[in-house]
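Single-structure report; data block below.
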Amino acid sequence: MTILAGYDPGDATGFCLSYYDAITPLRHISHTIIKGGLPGVIEHWYANNIANEADEVVCESFRLDGRTQNPDTIPLEIQGALTALCWEMPFALQANTYKSHVTDAKLKELELWWPGEGHDRDALRHSLAYLKTRGHYPTLRWAFPPQL
């Protein structure tokens, strides 16, 4: 079994812990919204022993794309810290557009939608998109079956 930690970084960072294996599609374990930007994420990392709990980490990557006049760089700070904290485990950065692989309707269909701000759902979206783009067959078959 592989434990996957998903992050949607920001002042309020979405976090989701899931697992999967060779025959099991992604399964949700827990989720939360971590308040306080980088200090909050660091505190959560150590308080929840993520280095020993998770086997892999996926995080939305920060891109300066010119759309925002004064962009918030907190996501970049979190991305940098997670890059350092995950130096001994598989770590993937994923463009924010990957979230579009998993709509609210898809989360509801999979019974993985819960109310709230949504940053934690975005972390789950990144986890599902990560396994989709890696071609994890059990997750593909369960969450993204081909349309006939």
Expected single match for in contact with a helix residue (DSSP H, G or I) (Cβ under 9 Å, 6 or more places away or on another chain) and farther than 16 Å from Ala5 by Cα among Leu76, Leu38 is Leu38
Is it the case, given these coordinates, that Pro9 is touching a Pro at 6+ places or on another chain (Cβ under 7 Å), in contact (Cβ under 8 Å) with a residue 12 or more places away in the chain and buried (at least 22 other Cβ atoms within 10 Å of the Cβ)?
yes
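Can you pull out the residues in the stretch 94-110 that are farther than 22 Å from Thr83 by Cβ and under 17 Å from the mean Cα position of the chain (by Cα)?
Ser100, His101, Val102, Thr103, Asp104, Lys106, Leu107, Leu110
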Would you be able to tell me the number of residues in the stretch 85-144 that are touching a helix residue (DSSP H, G or I) at 6+ places or on another chain (Cβ under 6 Å), of a type outside the set (Lys, Arg), at pLDDT below 95 and assigned to a helix (DSSP H, G or I)?
2
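Conditions tested, residue by residue: (1) touching a residue at least 40 places away in the same chain (Cβ under 8 Å); (2) surrounded by fewer than 17 Cβ atoms within 10 Å (Cβ to Cβ); (3) charged (D, E, K, R).
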residue: Ala84; (1), (2), (3): no, yes, no
residue: Trp87; (1), (2), (3): no, yes, no
residue: Leu107; (1), (2), (3): no, no, no
residue: Glu117; (1), (2), (3): yes, yes, yes
residue: Arg121; (1), (2), (3): yes, no, yes
residue: His126; (1), (2), (3): yes, no, no
residue: His136; (1), (2), (3): yes, no, no
Just to be sure, is Gly14 buried (at least 16 other Cβ atoms within 10 Å of the Cβ), at pLDDT 95 or above and more than 29 Å from Leu140 (Cβ to Cβ)?
no
For the stretch 21-28, indicate whether the set of residues that are assigned to a loop (DSSP other than H, G, I, E, B), farther than 23 Å from Thr133 by Cα and among the small types (Gly, Ala, Ser) is non-empty.
no
Going residue by residue through the stretch 34-49, is there one that turns out to be assigned to a strand (DSSP E or B), of a type in the set (Asp, Glu) and either modelled with pLDDT of 95 or more or within 25 Å of Pro145 (Cα to Cα) (or both)?
no
Six or more apart or on different chains, Cβ atoms under 8 Å: show the pairs whose first residue is in the stretch 29-53 and buried (at least 19 other Cβ atoms within 10 Å of the Cβ) and whose second is among the basic types (Lys, Arg).
His31/Arg121
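The values are calculated or read from the model by the stated rules, or taken from the named source; none is laboratory data. Just so you know, these numbers come straight off a predicted model, no measurement behind them. When we count neighbours, we look across all protein chains shown, and the Cβ atoms used for this are built from the backbone with ideal geometry, even at glycine.
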